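Engineer: The structure's right below; bear with me while I get my questions together.
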Amino acid sequence: MIAGKRVHYLSMAVVALLAALGVYLLASTAPEPVMRGRMLVIPGAWWRFLGMFVLVTGGLALCAYLYGLATRPLRAWRYAVTASTHIFIWLVILAVFYPVVYLLSVSFNRNDTLAGALPREGNLLVRSGVFPNPADLSVVQYLKVLRETHLLPLHWLLVAVLVTAILVVLGTALLPRFGFRSARLERVRGLAGWTVFGSAALLVLSVGPGQFYGVSADGRRLPASIGGMVPLYIRNTLLVSGTTGVLAVLLSTTAGYAFSRMRFQGRYTTLLTFVFVQMFPTFMALVAIFYLMSRLDLLNTFTGLILAYSGGAIAFSSWIFKGYLDSLTPSLEEQAMVDGATRWGAFWRVILPISVPMLLFIFLNQFIGTYSEFILANTLLVGQERWTVGIGLRNFTTNQFATQWGAMAASAVLGSVPILAIFYSFQDALTGQFTAGSVKG
Amino acid sequence: MKDHLPRSRTTAGGVFRSLGLIALALLLATAVGVAGYLLVRLLAPEAPAFVGIPIGTVALVLVLRYIARRFAWIMPWYYLLPAIVFLLTFTFFPVVLTIGLAFTDYAGVRNGELNVSSETPIVAIDGERLQIANPGTLDCRSLRDGCNGVRAVVYASGEVTLPAESLDGTTLVLGEEPPAGRTVVGVELDMPDLGFAATLRVVEQDGPVLTLERQPPFPPDLTSVGVVLDRQAIRRTIVAEEGDRLTLDAPLPEDVEAVSIARYNDFGFVGWRNFRRILASAPRALVPVFGWNISFAFLTVLLNLAAGVFIAVLLNNKALRFRNLYRTLLIIPWALPSVITIQVWKGFLNQNFGAINRVLALLDISPEPINWLLGDATAARAAVILVNLWLGLPFMMTATLGALSAIPDDVYEAARIDGASAWQAFWSVTGPLLRTALVPITLSSFAFNFNNFNVIFLLTDGGPPVPWGTATARGTDILISWAYNEAFRSQGGYAYGFGSAISLIIFVITLGVSLMNFRVTGALKEEARA
């Protein structure tokens, strides 16, 4: 048996050596890259790349199999499968992340143009333009986007509070990993979390179009440039999404409560209608919404847009909240009502406080959904100072796309950060609803 | 199943009684709201239309309090009321309105507003008959049936000449009352000593007594004073039109001097005309757009599902190290706002400078740079589907992982005891269980992608133009983007009514898919018994 093990290890070494040799041969015999039109091409690179991939994957899988034979012979093939799974997943991660990383590096690059000749220096990836040249690293694109935002002292104070609160949240989230654990830490973290929400909300509410202007050489105010308005667009989007989220919570909690806790005639029919209605996105009745808003003098107002969104938000949120209440025992309310609380009192003082996590989820879910909405915003909001971030970015892609690529990338990164942060902070809650049996897709 | 709580056992009211009471309350509130709006507008003519909403809300609260005292069983409906009101106003009503508008010729040039640029002078008046200076300015050709049945505004003269009795400082007393109901905005006083007339603003008016802004510098001629009146707008409807002669539905008042007329951009009911137009252009618009719409949604769902299930099955291997890290990393396209990432993809897919073509060139995969977005339709379609795969993969992966983790371990245990191999267990245990869980997700994903406006509009903008399409129905246009192009873009002529007709078709299709989803999931079976 020991001799068998040795054979396995020996074959592992041979396989690894052969695979490495093959990869080396494929790489070293590759022809020099040539320019074809505007592109740098390595002739025949694809089959070399494929060959290398097969060699690496196959070699690793075989090695894992042999290692498995040597250690746990019955499960040897599992080792092979696991090894090739890792490689495959990393390849998928590479493909999924390539645009993200590329976007980040464009936003931190001095080159502001999508056109232009390929660089002659640097490694192969830089010379072929597959990645922007790291030598041009710079924050100039972000400055360009943020330069025309003139915050007042109050705003700076709020920004300071926000940043501090975020740091506290991060710190208190990381500390338990190093063994610090206490109830007080949890409380501090909760408090800091709400501070993040509160200061962000105040900041969004207090910043207005007046803070966005350029300054000419002789000190006069100029209208903001396309890039300079982007922070305003982000603020607008946050305002609209936040209000829609709050409205969704306000309007759906009582409905969800009635559906879950009360039995009355017509309950099933109404529930059916709610579930049915949420399958029709609001924007399908785009023309009618436009007509309605033009009659209500609500075109080009945030109010009109928020009202239009709220209609679509309610049904789904009520359904989710109903499901949540169904999973709670009614004994708490019964207790409260035996103690003399009214039904509304039981709802207000018992149900709402214990549903805070669920309400937060409804808010965030609506917030993220609204943030990415485009068609209604584009139809209802005409004035540039009211644009949302999606419309603002479209202004880049339809006008000076080729020349403002860097500024657009920086704007895209800035616009994505709030949602990215929210999504990863509440990842499990936000993705968990899409498990089996849920209604919405 | 009985109520959880003791108090709402008294649910005596039927559905119709409850809804009827609530409808009554809403109707009353609406009436109060409209009345309030009209009242506010009397006091402040500039007030926007939505001031009626808070007024109506207050009325609603009062009415509801009264009803709750009389009929206690209505309580559950009160909890539903905020949601129902919003659903009715901003979801249900727009749907009904869409149906209505689909049968009208509502459009940019027929938007129901007053057309200010159509104002043309009136040459002669004879009772309800008018002769206008320029029929071309009134421009009735863009309307459905000429100017017949179109609302119009006749502007009455701004000036009458009256004698004055006296002038004392800034107070001018006219010999006659100015026309009733009109406001005097100024007087034109002829000053013989000066040799020309001066116009003075009137700051206050009380019958024939006018207060001027200042004293006239020279004694004016009081026998004939030009009294400048505010412009008066008289609403009429044009009932017949013949060249430069118009007939109104009623004669104009005797005492005014009509000077000009402007028309409204009226729209009206046109029956099935929009649908006939859709059918008439079907070979070039409806059929190719619908075909691509279906295949786009189908291919997207198929690809996303295949890739998502594959990766999820790989990640579901509990022995796999870093599986949570992998899941967290792979979820990133979902965590970024799609409205931003899609537009960034537009840059990546740029023909000459985009990252994708550079990678393809470096690996020598495509001999020529592919013109993804502006070249031929096939490339643009492939681009849309691939970007949608990038966007949708995390969702399908997460959904499948959720479904997989819901399968209890003892099922596998039982399969193993029965002697099934791992492969057999996967095919005959995981497969069927996964399918049941994924069917509703697949269906709703299909419904979502069927109307995935964002990815089409922001990536390809519906383009490129194709020889078999029209200006509004191009290579990658789906039904909803076609409707948008017709309704909100110049190449579609802002044909809102036509766009609504297309929306109606989308409604019907979505309804079908949703019904199917209902049937498959049985989402509400449990509730029906409750």
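Engineer: Does the range A:172-204 hold any residues that are farther than 30 Å from A:Leu232 by Cα and either in contact (Cβ under 8 Å) with a residue 40 or more places away in the chain or under 24 Å from the mean Cα position of the chain (by Cα) (or both), and which are they?
Structural biologist: A:Thr172, A:Ala173, A:Leu174
Engineer: Among the numbered criteria (1) surrounded by fewer than 22 Cβ atoms within 10 Å (Cβ to Cβ); (2) more than 7 Å from chain B (Cβ to nearest Cβ); (3) not basic (Lys, Arg), which single criterion is violated by A:Leu272?
Structural biologist: Failing condition for A:Leu272: (2).
Engineer: Another question about this same structure. Within the range B:16-56, how many residues are in a helix (DSSP H, G or I), out of contact with any helix residue (DSSP H, G or I) (no Cβ under 7 Å at 6 or more places or on another chain) and farther than 22 Å from B:Leu88 by Cα?
Structural biologist: So the answer is 5.
Engineer: In addition: Just one of (1) more than 7 Å from every other protein chain (Cβ to nearest Cβ); (2) in contact with an Asp or Glu (Cβ under 6 Å, 6 or more places away or on another chain) trips up A:Arg263, so point out which.
Structural biologist: Answer for A:Arg263: the failing condition is (1).
Conditions (1) surrounded by 15 or more Cβ atoms within 10 Å (Cβ to Cβ); (2) free of Cβ contacts under 8 Å to residues at least 24 places away in the same chain; (3) farther than 11 Å from B:Val187 by Cβ, marked per residue:
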site	(1), (2), (3)
B:Asp206	no, yes, yes
B:Leu210	yes, no, no
B:Asp230	no, no, yes
B:Ala233	no, no, yes
B:Arg236	yes, no, yes
B:Glu242	no, yes, yes
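Engineer: Can you tell me which residue in the range B:71-125 is farthest from B:Arg235 (Cα to Cα), limited to those that are under 20 Å from the mean Cα position of the chain (by Cα) and among the small types (Gly, Ala, Ser)?
Structural biologist: Going through the qualifying residues, I end up with B:Ala102.
Engineer: Oh, and also: If A:Asn300 satisfies every condition in (1) under 21 Å from A:Gly256 (Cβ atoms); (2) at pLDDT 85 or above; (3) surrounded by fewer than 17 Cβ atoms within 10 Å (Cβ to Cβ) but one, which is the exception?
Structural biologist: It fails just one condition, (1).
Engineer: Could I ask something else about it? Looking at the range B:475-495 only, could you name the residues that are in contact (Cβ under 8 Å) with a residue 40 or more places away in the chain, assigned to a loop (DSSP other than H, G, I, E, B) and at negative phi?
Structural biologist: Of everything in the range B:475-495, those that are in contact (Cβ under 8 Å) with a residue 40 or more places away in the chain, assigned to a loop (DSSP other than H, G, I, E, B) and at negative phi turn out to be B:Gly475, B:Thr476, B:Asp477, B:Ile478, B:Ala495.
Engineer: Which residues, counting only those in the range B:72-104, are crowded, with 21+ Cβ neighbours inside 10 Å, more than 8 Å from chain A (Cβ to nearest Cβ) and of a type outside the set (A, V, I, L, M)?
Structural biologist: Matches in the range B:72-104: B:Thr104 only.
Engineer: Considering A:Gly68, A:Gly122, which residue is part of a loop (DSSP other than H, G, I, E, B), more than 26 Å from the chain's Cα centre (by Cα) and within 14 Å of chain B (Cβ to nearest Cβ)?
Structural biologist: After applying the criteria, what remains is A:Gly122.
Engineer: May I ask you to list the residues in the range B:367-393 that are out of contact with any Leu (no Cβ under 8 Å at 6 or more places or on another chain) and among the β-branched types (Val, Ile, Thr)?
Structural biologist: Once the filter is applied, which keeps residues that are out of contact with any Leu (no Cβ under 8 Å at 6 or more places or on another chain) and among the β-branched types (Val, Ile, Thr), the range B:367-393 yields only B:Thr378.
Engineer: Tell me the residue from A:Val439, A:Val382, A:Val350 that is at pLDDT below 90, within 12 Å of chain B (Cβ to nearest Cβ), more than 20 Å from the chain's Cα centre (by Cα) and under 18 Å from A:Val240 (Cα atoms), please. Before you say what the answer is, go through the steps one by one.
Structural biologist: On the way: A:Val439 fails: under 18 Å from A:Val240 (Cα atoms); A:Val350 fails: under 18 Å from A:Val240 (Cα atoms).
Criteria check complete, one pass: A:Val382.
Engineer: Now, a different point. Suppose we keep only residues that are over 40 Å from the mean Cα position of the chain (by Cα) and facing chain A (nearest Cβ under 8 Å) within the range B:344-366. Which one would you say is surrounded by the fewest Cβ atoms within 10 Å (Cβ to Cβ)?
Structural biologist: Selected residue: B:Ile365.
Engineer: Among A:Ala70, A:Ala117, A:Ala76, which is the only one that is modelled with pLDDT under 90, of a type in the set (A, V, I, L, M) and surrounded by fewer than 16 Cβ atoms within 10 Å (Cβ to Cβ)?
Structural biologist: One residue alone meets the criteria, A:Ala117.
Engineer: Here is a follow-up. For the condition within 25 Å of B:Tyr37 (Cα to Cα), out of contact with any strand residue (DSSP E or B) (no Cβ under 6 Å at 6 or more places or on another chain), at the interface with chain B (Cβ under 9 Å from one of its Cβ atoms) and free of Cβ contacts under 8 Å to residues at least 60 places away in the same chain, what is the one hit in A:Tyr291, A:Tyr309?
Structural biologist: Numbers: A:Tyr309 fails: free of Cβ contacts under 8 Å to residues at least 60 places away in the same chain.
The unique qualifying residue is A:Tyr291.
Engineer: Under 9 Å by Cβ, and 6 or more places apart or on different chains, what pairs join a residue from the range B:501-521 that is free of Cβ contacts under 8 Å to residues at least 24 places away in the same chain with one that is among the aliphatic types (A, V, I, L, M) and assigned to a helix (DSSP H, G or I)?
Structural biologist: B:Phe518/A:Leu272; B:Phe518/A:Val275
Engineer: If you take the residues in the range A:328-371 that are part of a helix (DSSP H, G or I) and small (Gly, Ala, Ser), which one is surrounded by the most Cβ atoms within 10 Å (Cβ to Cβ)?
Structural biologist: So, considering only residues that are part of a helix (DSSP H, G or I) and small (Gly, Ala, Ser), the one surrounded by the most Cβ atoms within 10 Å (Cβ to Cβ) is A:Ala346.
The values are calculated or read from the model by the stated rules, or taken from the named source; none is laboratory data. For clarity, every value in this text was computed on a predicted model and none was experimentally measured. Cβ: placed from backbone, ideal geometry, glycine included. Neighbour counts: every protein chain shown.
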